[in-house]
Amino acid sequence: MASLSRQDMTHGPLAKQILLFSLPLICSNLLQVLFNLADLAVVGQFVGSQALGSVGSTTTLVTMFTGFLIGLGGGINVLAARFYGARDTKRFGQLLHTAALLSLGLGILLSILGVTLTRPILQLLRTKEDLIDGAVLYLRIYLLGMPGLAVYNYGSAILSALGDTRRPLRFLTLAGILNVILNLFFVLVVKMAVAGVALASILSQYLSAVLIVLALIHNDAPFALCRSQLRLHRDSALEIIRLGIPAGLQNCIFALANLFIQVGVNSFSSTMVAGNSAAANADSLIYDVMAAFYTACASFMGQNYGARNRERVKKSYFISLAYSFAIGLILGFLLVLFGRQFLHLFSPEADVIEAGMFRLTIMGFSYGFSAFMDCTIAASRALGKSLIPTVVVILGSCVLRIIWVYTVFAWFGTITSLYLVYICSWTITALAEIAYFRHVYKQQVGSMAA
């Protein structure tokens with residue numbers, strides 16, 4: 001029964017609960033990444049390095065659009081966890097139905113904007129002439145899947161807030177299998193190349209969206225999605241906008257800052273661009289594994305904040321931070337050791353692999369430190385504070401990265417000097433985010449009864 005999949009996060013051993021909650025979420029996040037990785041692997045192996053470069057050139061833009069929807073889902077997750085922890089079923093129901101309409105509407109809007117602006121943005125990024133036509137074709141088709149992705153992230157946020165991370169994993173497993181099958185069919189049989197892998201991705205996204213909506217419809221009352229109750233409740237919409245929109249915009253601005261880094265990469269050869277594209281896939285894999293613990297942090301802190309359980313609010317943050325930091329270090333180290341084998345999944349060309357190792361070597365030792373920034377941001381949002389963490393991360397990571405590209409990188413002009421921007425910006429931003437979180441914690445939680 002659906003009720004058995006819900007989890008009370010306000011009692012029990014926290015370290016074990018957070019780990020068990022996060023494991024299915026890790027798998028779910030990885031399967032989402034596999035949509036794009038499967039595209040790159042198929043075009044790299046069966047079409048060629050030019051197609052790999054075309055698809056890879058869109059990675060940052062795809063991240064910008066999908067990142068907005070992921071941030072929006074994060075805001076929905078925090079609110080749902082808080083209402084569930086407080087046993088406020090009325091506000092939970094209003095959030096459930098308002099968020100469904102809001103997410104779908106924003107997904108449609110992003111799809112329209114993305115398809116319309118694809119070529120001008122890619123030209124602004126100085127995408128190579130031999131890559132741009134394929135990049136435009138891939139991105140326009142891929143962005144037609146934004147409504148499906150928006151609905152899936154909404155549904156996953158709701159179920160995760162209830163402690164259910166297993167059903168989203170099952171849905172993405174089915175969608176991931178379909179994605180791989182369709183990739184091979186459209187590329188090898190239909191000979192659609194770049195267009196085929198994009199089409200496979202969006203069909204898979206819509207499958208996962210349909211499955212998660214059906215799960216919400218058949219969920220047990222009062223946590224079920226009901227068509228007759230679908231409407232925009234003003235208070236719920238404003239709360240989603242207050243928490244979710246800043247988080248989504250933060251992800252967009254992060255991606256925007258990374259566009260400037262992409263401009264720097266594009267100043268090198270097409271081989272370096274292809275190598276960077278292949279290596280950048282590790283970012284998604286490791287970030288999304290770590291992100292499972294950020295979601296756990298927000299969900300557990302949200303439920304316990306709603307239940308006014310001060311001690312578990314604090315412990316949820318520190319345990320989630322420890323898990324995310326450790327997994328980032330371990331995976332980064334493994335990536336350095338087996339980097340060439342990883343890159344060979346996306347291109348058999350030795351020059352592309354060698355170019356990709358520049359990025360993997362630096363990033364592999366850096367990933368873990370991003371946890372201090374991202375987990376702390378999730379913790380502040382769990383306490384209802386989203387705007388200031390967004391402003392801090394924009395200044396510390398986004399603006400700083402742009403300045404770095406036009407100062408440090410412009411001075412040295414090496415690919416190494418470009419990639420070092422990540423760990424430097426993470427460190428500076430983390431210090432500021434931790435200082436703000438300490439202030440918010442004392443203000444919001446310090447007065448609660450232990």
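The values are calculated or read from the model by the stated rules, or taken from the named source; none is laboratory data. Note that the structure is predicted; figures quoted are calculated from it, not measured. Every residue, glycine among them, receives a Cβ derived from its backbone with ideal geometry; neighbour counts consider all protein chains shown. Each accessible area value is taken on the protein alone, full model and side chains, heavy atoms only, with ligands, DNA and RNA left out. Shrake-Rupley method; radii C 1.70, N 1.55, O 1.52, S 1.80 Å.
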**Request:** Could you please find all residues in segment 137-180 being not hydroxyl-bearing (Ser, Thr, Tyr) and not in a helix (DSSP H, G or I)?
**Result:** LEU162, GLY163, ASP164
**Asked** With respect to the numbered conditions (1) within 25 Å of the chain's Cα centre (by Cα); (2) part of a helix (DSSP H, G or I); (3) within 29 Å of TYR305 (Cα to Cα), which one is the sole condition not fulfilled by LYS385?
**Response** (2)
**Item:** Residue selected from segment 264-290 under the condition open to solvent by 30 Å² or more (accessible area, probe 1.4 Å) and in a helix (DSSP H, G or I), by the criterion modelled with the highest pLDDT
**Value:** TYR287
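Results for (1) open to solvent by less than 70 Å² (accessible area, probe 1.4 Å); (2) within 21 Å of the chain's Cα centre (by Cα), shown as yes or no for each residue.
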| site | (1), (2) |
| --- | --- |
| GLY163 | yes, yes |
| ARG170 | no, yes |
| GLY176 | yes, yes |
| VAL180 | no, yes |
| PHE185 | no, no |
| LYS191 | no, no |
| ALA195 | yes, no |
**Asked** Here is a list of conditions, (1) within 22 Å of the chain's Cα centre (by Cα); (2) crowded, with 23+ Cβ neighbours inside 10 Å; (3) not in a helix (DSSP H, G or I), and SER370 meets all of them except one; can you say which number that is?
**Response** (3)
**Message:** Just to verify a result, which residue in segment 410-446, among those that are within 18 Å of SER366 (Cα to Cα) and aromatic (Phe, Trp, Tyr), is farthest from the chain's Cα centre (by Cα)?
**Reply:** TYR419
**Asked** Do the conditions hold for ASN251, that is, is it polar (S, T, N, Q), under 29 Å from LEU387 (Cα atoms) and touching a Phe, Trp or Tyr at 6+ places or on another chain (Cβ under 9 Å)?
**Response** yes
**Request:** Please name all residue pairs, on different chains or six or more residues apart, with Cβ atoms under 7 Å, provided the first residue is in segment 149-168 and is in contact (Cβ under 8 Å) with a residue 12 or more places away in the chain and the second residue is hydroxyl-bearing (Ser, Thr, Tyr) and open to solvent by 10 Å² or more (accessible area, probe 1.4 Å).
**Result:** LEU149/THR66; SER160/THR295; ALA161/TYR84; LEU162/TYR84; ASP164/SER5; ARG166/SER5; ARG167/SER5; PRO168/SER156
**Fill in**
Of (1) buried (at least 24 other Cβ atoms within 10 Å of the Cβ); (2) at pLDDT 90 or above, LEU144 fails just (1)
**Item:** Residue, surrounded by the fewest Cβ atoms within 10 Å (Cβ to Cβ), within segment 225-240, restricted to residues that are touching a helix residue (DSSP H, G or I) at 6+ places or on another chain (Cβ under 9 Å) and without any contact (Cβ under 8 Å) to a residue 12 or more places away in the chain
**Value:** ARG227
**Request:** Within segment 335-356, track down each residue that is in contact (Cβ under 8 Å) with a residue 12 or more places away in the chain and surrounded by fewer than 19 Cβ atoms within 10 Å (Cβ to Cβ).
**Result:** VAL336, ARG340, LEU345, PRO348, ASP351, GLU354
**Message:** Being at pLDDT 90 or above, touching an Asp or Glu at 6+ places or on another chain (Cβ under 6 Å), surrounded by 17 or more Cβ atoms within 10 Å (Cβ to Cβ) and within 23 Å of ILE241 (Cα to Cα): is that true of VAL392 here?
**Reply:** yes
**Request:** Out of the residues in segment 127-136 that are part of a helix (DSSP H, G or I) and charged (D, E, K, R), state the one that is most open to solvent (accessible area, probe 1.4 Å).
**Result:** GLU129
